[in-house]
Amino acid sequence: MIIMMIFLILSLILIIATAIYLNNKKNSTNKNIKQSSTNQAIVKRKNKKQLVDLFDIKIKDNILCIGNRYSNIIKLGNIDYNMLSNHEQDSIESILIQTALAIDSPIQFFSTTEFIDTSKIISLIKENKTKNLKIQEYKKYLIEYLENLMENRNISVVKNYAVISYDGLYENAVEELNRKSLSFKGNLLRAKIVCDVLDEDELYNLIYRELNKNSALNISALKEGGKNLYVGKKQKRKN
């Protein structure tokens, strides 16, 4: 009888010990799974490349920063040279030569093709309120035409840009780039070429378009993830 009681007590102790061991093992496994998921999420965030991570590119106001080089990117206007008279052509050529001779530091030029963006014009048309029914109807047709034109992926335009750079400290770069950009724009304006320095949103849009040629999105229109280096097909469809 005593031996049976001893075996019974030992059996109960074994069952309780087994239950405690299995419970501790389950908690340990769940903890390891949570830790692994957290580590994977951290690695995923670290692997999400942005412009600043890969190219060391930073943009502040209208200045593009790469290392200790600071640049203004100027969008160049166009003129219909062939429609000018001979005298006007000679005058413009002379001004452009003078502008080139006045450049005291390297300037980069590049051209790129971009899809037509009529969003700004459409916004201005919508802001212009009128009670005239005929004008309202004309505005409606005009907006539809501009939207169809913007959505047509077979139509593109050539855009030209000039890059004016300065190597040194940021504090000096702001003043120096303003001086160089104003001088460059003023000289080209004499040749009736209107130029604009790209602001922060326009700089991001330009870089994004160059890295995502098949995308018609503008970074400034995106709520989040807009400054990532690239987007995948799923993200494009989602946006």
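Derivation of every value follows stated rules applied to the coordinates shown; laboratory data play no part. Bear in mind that the values here come from a model prediction, so they are computed numbers and not experimental data. Because the Cβ atoms are built from the backbone with ideal geometry, glycine has one as well, and the counts that use them run over all protein chains shown.
Points to keep in mind about this one:
- Cβ-to-Cβ counts within 10 Å put Phe115, Phe110 in ascending order as Phe110, Phe115, the fewest first.
- Alpha-carbon centroids, region 92-148 and region 149-195: separation in whole Å: 15
- Karplus (6.51, -1.76, 1.60) ³J(HN,Hα), θ = phi - 60°, over region 108-113, in Hz, Gly and Pro reported as x: 9, 10, 8, 10, 8, 9
- Exposure proxy ranking, count of Cβ atoms within 10 Å, fewest first, for Tyr141, Tyr161: Tyr141, Tyr161
- Hits among aspartates and glutamates - C-alpha to C-alpha of Lys134 under 18 Å, sequence gap 8 or more where chains match: Glu144
- Label positions at Leu189 and Glu144, each projected 7 Å from the Cα along the C-beta direction, are separated by 4.1 nm.
- Sequence of Tyr145, Tyr208 once ranked by neighbouring C-beta atoms within 10 Å, starting from the fewest: Tyr145, Tyr208
- Assigned charges on the beta-carbon of Lys, Arg, Asp, Glu; region 134-195 dipole about Cα centre (debye): 400
- Gyration tensor (alpha-carbon) shape descriptor, region 53-196, a/c threshold 1.5: oblate
- Ranked packing of 171-183, 85-97, 123-135, most packed first, by mean Cβ within 10 Å: 171-183, 85-97, 123-135
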